[in-house]
Every structure is written in structure tokens, then in C-alpha cells.
1. When region A:1-46 is examined, which residues are found to be of a type in the set (A, V, I, L, M) and either crowded, with 21+ Cβ neighbours inside 10 Å or in a loop (DSSP other than H, G, I, E, B) (or both)?
2. Among A:I89, A:I74, which is the only one that is more than 8 Å from every other protein chain (Cβ to nearest Cβ), in contact with a Ser or Thr (Cβ under 9 Å, 6 or more places away or on another chain), touching a residue at least 60 places away in the same chain (Cβ under 8 Å) and not in a loop (DSSP other than H, G, I, E, B)?
3. Could you say which residue among B:S69, B:S5 is closer than 21 Å to A:Q45 by Cα and either surrounded by 13 or more Cβ atoms within 10 Å (Cβ to Cβ) or touching a Ser or Thr at 6+ places or on another chain (Cβ under 8 Å) (or both)?
4. Can you work out which of the residues in region B:92-114 that are among the aliphatic types (A, V, I, L, M) and buried (at least 19 other Cβ atoms within 10 Å of the Cβ) is farthest from the other protein chains (Cβ to nearest Cβ)?
5. Which members of region B:15-60 meet the condition of being farther than 30 Å from A:Q6 by Cα and of a type in the set (V, I, T)?
6. Of the residues that make up region B:68-91, is at least one more than 13 Å from the chain's Cα centre (by Cα), within 8 Å of another protein chain (Cβ to nearest Cβ) and of a type in the set (V, I, T)?
Amino acid sequence: DAKTTQPPSMDCAEGRAANLPCNHSTISGNEYVYWYRQIHSQGPQYIIHGLKNNETNEMASLIITEDRKSSTLILPHATLRDTAVYYCIVRVAEVTYGQNFVFGPGTRLSVLP
Amino acid sequence: SAVISQKPSRDICQRGTSLTIQCQVDSQVTMMFWYRQQPGQSLTLIATANQGSEATYESGFVIDKFPISRPNLTFSTLTVSNMSPEDSSIYLCSVRQVYTGELFFGEGSRLTVL
């Protein structure tokens, strides 16, 4: 079972920041938070991941609460091309057999013109 | 990042036939996986493709239905056997980077069974 909960859908106005929340209250100390997105009819695309510090890259920012029980993915200036299903996943970073990525239903983000 | 190519990108098949999907990666990777995404659903892991040994299947998936080959570190195939309309899905190949833990996906193979 997925160890994260996300809202099923969200809307965001084009040009505004999109803030996608994720709850992971049972996260372990060595588990990272990963975010992926899937644009319609394409394979999932890696966005960002983090352990406890906030992270930023060219695509997004990841804000993790101090207790690590929740996080927020921020798309600073959403465009229509950001319309996709966003998946929040927690797991260890080390590549070990038997510990795989479990995808929940994700959040369907609709960026509106 | 790894570049993953899947063939075919889509196909329409008849009930009772089998289809083999190919996955080619542009670099050697340790871990390769096959996922299924049924219409309107999230991704479900089918199996881990192990190089030189039998694949490791997740609960609900069996080798007779989804035989997997992995002859080397850059290539794998998934066969969907004796297909029924319930097998209509997108099948995705993915690889995991050893050092960063990131998972990369191919564009998927969209299968429709009539």
C-alpha cells in the first residue's frame, strides 16, 4: 500500500504558484520523499526528491516539514504544460531489492488559462 | 539520466494472442522494472527484471502470464500472454539509478486487446 496521501485533484491558474501537498506521517528516518508527474499518455517524469532539507531545482521546490510528516511540492509559475498527475512517494534512496516505488493515485493538477 | 526506449509504442491485439514488449536503455543499469497502468488507474509494479536470473514478480502477477527476459544490463522484454480485454493497459519499463535512487521511465506501450 502507498504510504502517502494526496488530494485527488487541484486546480491552479496559469502563472500562479501550484502548491501540491502530501502527507506521509509514517515516514521512516532513512526514507526520502520523491515527486514524479505523469502528463497524459506519457511515462512518469522525475521532478525532485529530498530527505529533510528543502530542495529546489529547475522544475520545482520541495518543502518538507520539520517533523517530516508532510511535504509540499511547489511549481512557482504554473503553465498549461504542467497539467498532469503528480505522485508523491516515500522510500529509501539506496537501491535494494524488495523495496520498490509504490505509486498511489496521485493528485490530478489542472492548470487553467 | 537514462534514456529508455520501448517498442511497440502501441498495438491492437486479438484475444488469445501474445505480445512481446521490448525495453532498451542507453546505459548499463542494475535494476529494471515493469509496471502496468490500467485505464484511469495509477501504476502497479509487475516485476523486477533480474539480469541472468528469473524475474521477481509482485503479488498478483505470475511468470506464465507475464514472462520476462533480461539477457543483459541494457535490455529486457515483457510478454503479455494469452491476452484478454482486461490486459488492455499501458505497460511501462523503468530503471533505477544506483547512486541517486531516481526512477526513470520509458514512454510506455499502450496495448488494446479486442
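The values are calculated or read from the model by the stated rules, or taken from the named source; none is laboratory data. These numbers were taken from a predicted model, which means no experiment stands behind them. Neighbour counts are summed over all protein chains in view; Cβ atoms, including those assigned to glycine, are modelled from backbone coordinates with ideal geometry.
1. Step one: list which residues in region A:1-46 are of a type in the set (A, V, I, L, M), which gives A:2, A:10, A:13, A:17-18, A:20, A:27, A:33, A:39.
The answer is A:A2, A:A17, A:A18, A:L20, A:I27, A:V33, A:I39.
2. On inspection, the qualifying residue turns out to be A:I89.
3. Working: B:S69 fails: closer than 21 Å to A:Q45 by Cα.
It is B:S5.
4. From region B:92-114, those among the aliphatic types (A, V, I, L, M) are B:92, B:95, B:98, B:103, B:111, B:113-114; that's our starting set.
With buried (at least 19 other Cβ atoms within 10 Å of the Cβ) added as a condition, the list becomes B:92, B:95, B:103, B:111, B:113.
On the way: B:L92: 6, B:V95: 10, B:L103: 5, B:L111: 13, B:V113: 18 Å.
Among residues in region B:92-114 that are among the aliphatic types (A, V, I, L, M) and buried (at least 19 other Cβ atoms within 10 Å of the Cβ), the one farthest from the other protein chains (Cβ to nearest Cβ) is B:V113.
5. The initial filter retains those residues of region B:15-60 that are farther than 30 Å from A:Q6 by Cα, namely B:15-30, B:50-55.
Across region B:15-60, the qualifying residues are B:T17, B:T20, B:I21, B:V25, B:V29, B:T30.
6. Scanning region B:68-91, I find no residue that is more than 13 Å from the chain's Cα centre (by Cα), within 8 Å of another protein chain (Cβ to nearest Cβ) and of a type in the set (V, I, T), so the answer is no.
Results for (1) more than 24 Å from A:Y87 (Cβ to Cβ); (2) of a type outside the set (V, I, T), shown as yes or no for each residue.
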{"residue": "B:S9", "(1), (2)": "no, yes"}
{"residue": "B:T17", "(1), (2)": "yes, no"}
{"residue": "B:L43", "(1), (2)": "no, yes"}
{"residue": "B:N50", "(1), (2)": "yes, yes"}
{"residue": "B:S53", "(1), (2)": "yes, yes"}
{"residue": "B:E58", "(1), (2)": "no, yes"}
{"residue": "B:S84", "(1), (2)": "yes, yes"}
{"residue": "B:S88", "(1), (2)": "no, yes"}
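Conditions (1) within 29 Å of A:H49 (Cα to Cα); (2) at pLDDT below 95; (3) part of a loop (DSSP other than H, G, I, E, B); (4) of a type in the set (S, T, N, Q), marked per residue:
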site	(1), (2), (3), (4)
B:I21	no, no, no, no
B:T44	yes, yes, no, yes
B:G52	no, yes, yes, no
B:G60	no, yes, yes, no
B:L92	yes, no, no, no
B:F104	yes, yes, no, no
B:R110	yes, no, no, no
